[in-house]
1. Please give the charge dipole size of the chain, origin at the Cα centre, charges +1 on K and R Cβ atoms and -1 on D and E Cβ atoms. Round to the nearest 20 debye.
2. Taking loop as defined by DSSP and a crowding limit of 13 other beta carbons within 10 Å, which trypsin sites (Lys or Arg not before Pro) in region 62-143 fit?
3. Any idea how far the Cα center of region 45-114 sits from the one of region 115-143, in Å?
4. Percent relative contact order of region 29-91, based on C-alpha pairs within less than 8 angstrom and at least six residues apart?
5. So what is the 222 nm mean residue ellipticity for the chain from helices alone, if each DSSP H run of at least 4 adds -39500 (n - 2.57) and you divide by all residues, rounding to the nearest 500 deg cm²/dmol?
6. To the nearest whole percent, what portion of all C-alpha pairs in region 84-143 is separated by more than 14 angstrom?
7. Give me Rg over Rh for the chain, both radii from the alpha carbons and Rh done the Kirkwood way, two decimal places.
8. Report the local net charge at VAL113: Lys and Arg +1, Asp and Glu -1, summed over other residues whose C-beta lies under 13 Å from its C-beta.
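Read-outs throughout are calculated quantities, based only on the coordinates presented, and are distinct from any laboratory measurement. Everything numeric here is computed off the predicted structure, so don't read it as measured data. Neighbour counts are summed over all protein chains in view; Cβ atoms, including those assigned to glycine, are modelled from backbone coordinates with ideal geometry.
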Amino acid sequence: MIVNKTSVLPSSRKVIFEKLLELGTLQYIAFPYATFTPLDVKSSFKWGVGTTSSYKFKLFGFIPMGIHTIKIERFDEQTGVSSKEGNKFVPVWNHEIFLEDIDEKHTKYTDKVTINAGWKTFFVWLWANAFYAHRQRRWKKLL
């Protein structure tokens, strides 16, 4: 199943992309729906093509969901971000982020996520719809 959420963010594509480079951005926009604690703490970590990272993933900050792994396949200011993600409960969580200029101070931001969790897929999809709506609200607050 696919989740597709779009918002207009009050910032330039360049500023948004710079924020996407930081793990702290993910942690901020996901909270409190989800928390991501790196297994390998690297203070200088930045997302980039070919990077793979793993996190202790908790729903709502307290329900352990195991280890969530993120492999970045595309990470470009012009074409956006593509990652292959998953964990033991949701083996397929493929996330794409698209950034489209509207003007100098506004960017169309889209999260597209393909989910496959077997018989749990529908329930995960329901949660993911709420999660990505929340993330985009947090993006607006962050910016």
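1. So the magnitude is around 460 debye.
2. Listed in order of number, the matching sites are LYS88, LYS105.
3. 12 Å
4. RCO, region 29-91: 27 percent.
5. -8500 deg cm²/dmol
6. Tail of P(r) above 14 Å: 63 percent of Cα pairs.
7. Rounded to two decimals, Rg/Rh equals 0.94.
8. Taking every Cβ under 13 Å from that of VAL113, the sum is +1.
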